[in-house]
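The values are calculated or read from the model by the stated rules, or taken from the named source; none is laboratory data. Because the structure is a prediction, the values reported are computed rather than measured. Note that each Cβ is placed from the backbone with ideal geometry, even for glycine, and that neighbours are counted across all protein chains shown. Quick note on the areas: whole protein, heavy atoms, side chains included, nothing else; ligands and nucleic acids left out. Shrake-Rupley method; radii C 1.70, N 1.55, O 1.52, S 1.80 Å.
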Amino acid sequence: MIVKNILIFILLASVTFGFKAPDTGKMLPDITIADLQGKPVKIQEYAKKTKITVMSFWATWCSPCKRELDAIGELYPDWQETYDMRLVAITIDNARALTQVKPLIEEKGWEFDVLVDSKQELQQALNFQAIPQTFVVDAAGNVLYQHEGYTPGDEYELEKIIKEFASK
């Protein structure tokens with residue numbers, strides 16, 4: 001009975017807080033998206049540039065996404081230096097809404113890379129619907145961690161995950 005209650009608690013906690021156990025067999029798909037200038041970016045090659053890559057999927061209309069990126073953006077310079085990692089914000093805005101992306105980045109002062117998945121091909125390949133959606137991947141393209149949604153303080157949990165995988 002105790003084991004059953006513990007399993008129910010873990011299930012409810014993962015649904016409530018959006019945390020997902022790593023899918024050890026999940027790899028970044030071989031998909032090409034674009035940077036803000038429209039230049040093609042192979043996502044697998046992009047991830048190889050650092051030991052750890054944090055990919056945060058967002059959209060201009062998503063308030064929790066922008067709050068998450070603001071919070072992570074404040075910690076990002078220290079994370080880069082400490083953990084040999086990079087953050088990339090991947091917008092899923094459609095072609096019409098893309099005109100709002102660059103002005104928003106400038107207004108927010110975000111100093112991390114922003115890529116574009118306007119056809120949502122990468123989103124579909126990674127099989128998720130809700131944003132913000134955050135992935136931690138290694139240089140080999142293995143998905144180490146996935147998180148859905150944003151609550152203030154999640155950025156510190158994310159740092160614990162980054163620290164754990166960066167030390168391996």
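Going by the structure shown, is residue 165 under 16 Å from residue 84 (Cβ atoms) and either modelled with pLDDT of 95 or more or part of a helix (DSSP H, G or I) (or both)? So residue 165 passes the test.
Assess whether residue 113 counts as being of a type in the set (Asp, Glu), open to solvent by less than 80 Å² (accessible area, probe 1.4 Å), out of contact with any helix residue (DSSP H, G or I) (no Cβ under 8 Å at 6 or more places or on another chain) and closer than 26 Å to residue 139 by Cα. The answer is yes for residue 113.
Can you name every residue in the stretch 56-88 that is of a type in the set (Lys, Arg) and within 12 Å of the chain's Cα centre (by Cα)? Matches in the stretch 56-88: 86 only. Would you mind telling me which numbered condition in (1) open to solvent by less than 100 Å² (accessible area, probe 1.4 Å); (2) at pLDDT below 95; (3) in a helix (DSSP H, G or I); (4) charged (D, E, K, R) residue 23 fails? Only one criterion in (1) open to solvent by less than 100 Å² (accessible area, probe 1.4 Å); (2) at pLDDT below 95; (3) in a helix (DSSP H, G or I); (4) charged (D, E, K, R) is unmet by residue 23, namely (3). Among the residues of the stretch 123-139, the ones that are touching a Leu at 6+ places or on another chain (Cβ under 9 Å) and over 19 Å from residue 61 (Cα atoms) come to 6 in all.
No other residue among 95, 89 is in contact with a Phe, Trp or Tyr (Cβ under 9 Å, 6 or more places away or on another chain) and of a type outside the set (Lys, Arg) apart from 89.
Can you work out which of the residues in the stretch 36-49 that are of a type outside the set (D, E, K, R) and assigned to a helix (DSSP H, G or I) is most open to solvent (accessible area, probe 1.4 Å)? Per the criteria, the residue is 44.
Residue by residue, here is whether (1) in a helix (DSSP H, G or I); (2) in contact (Cβ under 8 Å) with a residue 60 or more places away in the chain; (3) among the hydrophobic types (A, V, I, L, M, F, W, C); (4) open to solvent by 40 Å² or more (accessible area, probe 1.4 Å) holds:
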| residue | (1), (2), (3), (4) |
| --- | --- |
| 131 | no, yes, yes, no |
| 134 | no, yes, no, no |
| 143 | no, yes, yes, no |
| 146 | no, yes, no, no |
| 161 | yes, no, yes, no |
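For the stretch 81-110, the tally of residues that are among the β-branched types (Val, Ile, Thr), open to solvent by less than 80 Å² (accessible area, probe 1.4 Å) and not in a strand (DSSP E or B) stands at 3.
Filtered by the rule that a residue be open to solvent by 70 Å² or more (accessible area, probe 1.4 Å) and either without any contact (Cβ under 8 Å) to a residue 60 or more places away in the chain or of a type in the set (Ser, Thr, Tyr) (or both), the stretch 50-73 gives a lone residue, 61.
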